[in-house]
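Each remark here refers to the structure printed beneath this line.
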Amino acid sequence: MSQTLTLRRPDDMHLHLRDGAMLAAVAPESARDFARAIIMPNLVPPVATGAEAAAYRARILAALPEDAAFEPLMTLYLTEATDPADVAAAAASGLVKAVKLYPAGATTNSHGGVRDLTKVRAVLEKMAEIGLPLCTHGEVTTPEVDIFDREAVFIDTVLDPLRRSLPDLRIVMEHITTEEGVAYAAEAKNLAATITTHHLILNRNHLLVGGIRPHYYCLPVAKREKHRLALRRAVTSGNPRYFLGTDSAPHVDALKEHACGCAGCFTATNTMPLLAHVFEEEGALDRLEAFTSLNGAAFYGLPPNSARLTLVKSAEPTAFPDKITSGAGPVTVFNPGFPVHWRVAS
Ligand code: DOR
Ligand code: ZN
């Protein structure tokens, strides 16, 4: 007997689509299940101006299958040279839905990010005035701070002071990975948090015990089990401040399986079945739709999607592809390490 679950079509509020041959390979993977996605701007060079976002959006649309109904929601990469007037114009036209803060050096292609927040103060003030959200990669880059503590230290030393000094700025804590992040996002005004699929599945033992697993390496890095459990409680709590942002981040295998491997888990292909598995384990399948399809849209002021997506659970485990091929090389699809019986109905 199979079981089905029909939801409003989900939105992925944090997605890396890259460019060129990689974009061509991964855009259809997200468009298959998702209606919209907040597109990360950390290309080389970054998507830093309204004109660059418009051009990138056109390249994404050109990479989609003809029958795809997928809307890329564009973001700008915040730099110390960002012009508040350009941001305001890109937001007013409807092109840009958020600005992304990468602390310089925090992650993939973040070297052009922000070193000194005072240098972007005028941009942040303009965003607070017009209600444009700031998406934060919430990790400090201070060498002395342990990588497992970087999110909690960011909350105390960067995020909380910023919110106090600019309370009208709407902020998304991207891909939170800790109980501190869950607690901070729970009640604060003008604040929400995205949570990835893989951080609901992985703790740091999965990454490191029995051999290093490069396809489980991402940033922020997976933390202790108690943090994974806090994330699971958050997504199934019904609190609308938490919503899905997969952070699906493709890198070719040659750069993942490498002496200095890139950070990123590629989950676009199987995210919805994996989430159905996780929510079912938590006895909360009835809360999946809010997490994937309602809360994020509400925060971004978008109507919920009217189309639906149906998930099917069968007795046989679903056979997801091990890899997708791209013109840049193969990309490994996230393997949770346990059988998953859910799939998206075709
Ligand atoms: O794991 C990650 N991969 N985390 C990030 O913050 C960036 C992303 C990427 O672009 O590869
Ligand atoms: Zn990301």
Completion exercise
Scoring the range 100-223 by relative contact order with C-alpha pairs under 8 Å, at least six apart, yields a percentage of 21 percent
Exercise for the section: Quick one: dipole size for the chain, taken about the Cα centre, charges +1 on Lys/Arg Cβ and -1 on Asp/Glu Cβ, in debye to the nearest 20. Expected result: 300 debye
Exercise for the section: Calculate the radius of gyration of the Cα atoms of the range 1-149 to one decimal place, then report Dmax, the largest Cα-Cα distance, as a whole number, both in Å. Expected result: 16.8, 60
Completion exercise
Once the dipole of the chain is set up from charges on Cβ (+1 Lys and Arg, -1 Asp and Glu), the residue from the list THR236, LEU159, MET173 lying farthest towards its positive end is THR236
Problem - Accessible area of the chain divided out per residue, in Å², using a probe of 1.4 angstrom - result: 40 Å²
Exercise for the section: Please count, across the range 3-344, the pairs of lysine residues with Cα atoms under 27 Å apart that sit 8 or more places apart or on different chains. Expected result: 17
Problem - Computed over the range 100-245, Kirkwood Rh from alpha-carbon pairs, angstrom - result: 15.7 Å
Fill in the blank from the handout: For the chain, averaging the sequence separation of alpha carbon pairs under 8 Å that lie six or more residues apart and dividing by its residue count, the contact order in percent is 20 percent
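Ignoring ligands, DNA and RNA, what percent of the accessible area of the range 3-344 is carbon or sulfur (1.4 Å)?
54 percent
Go ahead and estimate [θ] at 222 nm for the chain from helices alone: -39,500 (n - 2.57) per DSSP H run with n ≥ 4, summed, over the residue count, rounded to 500.
Details: 12 runs with 103 residues, N = 346.
About -8000 deg cm²/dmol.
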Problem - Shape call, the chain: gyration tensor on alpha carbons, a/c limit 1.5 - result: rounded
Completion exercise
Taking only the Cα positions of the range 57-116, the convex hull volume per residue in Å³ is 102 Å³
Fill in the blank from the handout: Calc'd 3J(HN,Hα), the range 139-154, phi into Karplus 6.51 cos²θ - 1.76 cosθ + 1.60 (θ = phi - 60°), Hz, glycine/Pro = x, comes to 9, 6, 10, 4, x, 6, 8, 4, 4, 7, 9, 5, 6, 4, 5, 4
Handout entry: Amide hydrogen neighbours beyond the local backbone of VAL114, cut-off 5 Å, H modeled
Key = TYR102, ALA104
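The values are calculated or read from the model by the stated rules, or taken from the named source; none is laboratory data. Being a predicted model, the structure only gives us computed values, none of them experimental. Cβ atoms come from the backbone with ideal geometry, glycine included; neighbour counts cover every protein chain shown. Just so you know, the surface numbers come from the protein's heavy atoms only, side chains and all, with ligands and any DNA or RNA stripped out. Shrake-Rupley method; radii C 1.70, N 1.55, O 1.52, S 1.80 Å.
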